[in-house]
Each structure stands twice: as structure tokens, then as C-alpha cells.
Amino acid sequence: MTIAVSSHGRHISVVTIDNPSKANAMSREALAELAGVWQQLDADDACRAIVVTGAGDRAFTAGADVSGDLSASEETAAMINRALQKTASFSKPIVAAVNGACLGGGIELLLATDVRYAAPHATFGLPEVKWAIYPFGGAAAKLVHQIGHVHAMRLLLTAENIDADEAVRIGLINQVVPPDELMERAM
């Protein structure tokens, strides 16, 4: 299992992307699992809020596991859209606890969250654009709406990573917090 779900108290669910040997990159199977987790938590009346994070302290998620199949049938695209919450609204607040690299699909998942905290060593970027791969999970539209045109274009066109302080400055995340306080703040 690459997506772990646990409870924090009675009403908070913690979703952890758990593949630290690959910077928490998500395979097709993990993305399908994540899509199912969102559906399950949305229907769970006891769950009132979700915290999403990555296992370990190296990465939130590096996005897609590019060692696998990268083709995208219509069915696969729909599943990825559900996993990254590209087009659907989620009925409960989601808080991101970014504990390291937040790249590619990680940014796209981040854009579906409502409140965002990051450790000082966190980095953010869309490295796929340097290989002329379109950010498939909604970043092209969501970034412009959430952080403004010039900041979005910098990420979408340069493949440059930014650090946590810059992410706060441009409004991509809410706050940088010490690593040992990250999950506590997110709860």
C-alpha cells in the first residue's frame, strides 16, 4: 500500500503518501488508490478534515513515478483527475503538510488543498516542463488562479524549483514551520 490513511482524534484523517525510496512518487496503482481514498473520506461522516503529507522528511511527493507507463488513456486520465482532484470539489477541508520536495503531480495535489504548511527545506516545482511534458493534473489553470499569472508562468515555463520562503511570498503556501511542528500545525 502506497497510500496510508490513519485517524488523528475522532474527526481528522491523515493521508500519507508512502513511497520514501522514490521520493513518495506515485505509480498508477497509487494514484488509483488515492482516488479511492478521497471517495471514501468524502462519504465518511465521521471525517471532518483531512491532512495530506508524505512519508519521511525528504518529500511530500515527487508526483508521478516516471519509471512506469506514462501513456494516458481516457480512463487513466479520469482516474488521475480524481486522484489529484483536478476538476471535482471536495466537501471537506484538506490541509497539506509539505515535508520536502513537492514536485510535478505533488504541486498539482497541493493545489487541491485549502491550507498549506511547509518545512523550511521544502521545494516546489514542475520539472516535467523541461522535457516538454504538460502538467497534466490541473496546474496550468489552478496556478494562475491561485498565485497569479506571473508567478504561475515562472513555474510553468522555467522548470525552476522554488524554496519554501519563496512559496510563501508568492502565496503558494500559507506558512513555513519547523519540521518538528509541521504535523502539529496541520492538525
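The values are calculated or read from the model by the stated rules, or taken from the named source; none is laboratory data. Keep in mind the model is a prediction, meaning the values are calculated, not measured. Neighbour counts run over all protein chains shown; Cβ positions are idealised from the backbone, glycine included. These area figures cover heavy atoms from the full protein model, side chains too; ligands, DNA and RNA do not enter into them. Shrake-Rupley method; radii C 1.70, N 1.55, O 1.52, S 1.80 Å.
Among the residues of the stretch 20-31, just one is over 15 Å from Arg58 (Cβ atoms) and in contact with a Lys or Arg (Cβ under 9 Å, 6 or more places away or on another chain), namely Leu31.
Note on the stretch 156-180: residues that are open to solvent by 70 Å² or more (accessible area, probe 1.4 Å), assigned to a helix (DSSP H, G or I) and within 21 Å of Gly54 (Cα to Cα) amount to 3.
Of all residues in the stretch 17-60 being of a type in the set (S, T, N, Q) and buried (at least 19 other Cβ atoms within 10 Å of the Cβ), which is nearest to Ala101 (Cα to Cα)?
So the residue we want is Asn24.
Just for strands (runs of 3 or more DSSP E) wholly inside the stretch 1-69: which have at least 2 residues that are in contact (Cβ under 8 Å) with a residue 12 or more places away in the chain and of a type outside the set (A, V, I, L, M, F, W, C)? Hits in the stretch 1-69: 12-17, 49-54.
Restrict the check to the stretch 137-147 and report whether at least one residue is outside any helix (DSSP H, G or I) and at pLDDT below 90.
yes
In the stretch 122-136, the qualifying residues are those that are in a loop (DSSP other than H, G, I, E, B) and within 16 Å of the chain's Cα centre (by Cα), and the one that is farthest from Arg28 (Cα to Cα) is Ala122. Under the condition of being open to solvent by 10 Å² or more (accessible area, probe 1.4 Å) and among the hydrophobic types (A, V, I, L, M, F, W, C), the residues counted in the stretch 91-121 number 5.
If the requirement is being at pLDDT below 90, surrounded by fewer than 15 Cβ atoms within 10 Å (Cβ to Cβ) and of a type in the set (A, V, I, L, M), which of these qualifies: Met187, Met153?
Met187
Of the residues making up the stretch 85-105, one or more are within 14 Å of Ala62 (Cα to Cα) and either part of a helix (DSSP H, G or I) or in contact with a Cys (Cβ under 9 Å, 6 or more places away or on another chain) (or both). The C-beta contact set for the stretch 95-122 (first residue over 23 Å from Leu41 (Cα atoms), second residue of a type in the set (S, T, N, Q) and assigned to a strand (DSSP E or B), distance under 6 angstrom, 6+ apart or interchain) comprises Ala101/Thr123.
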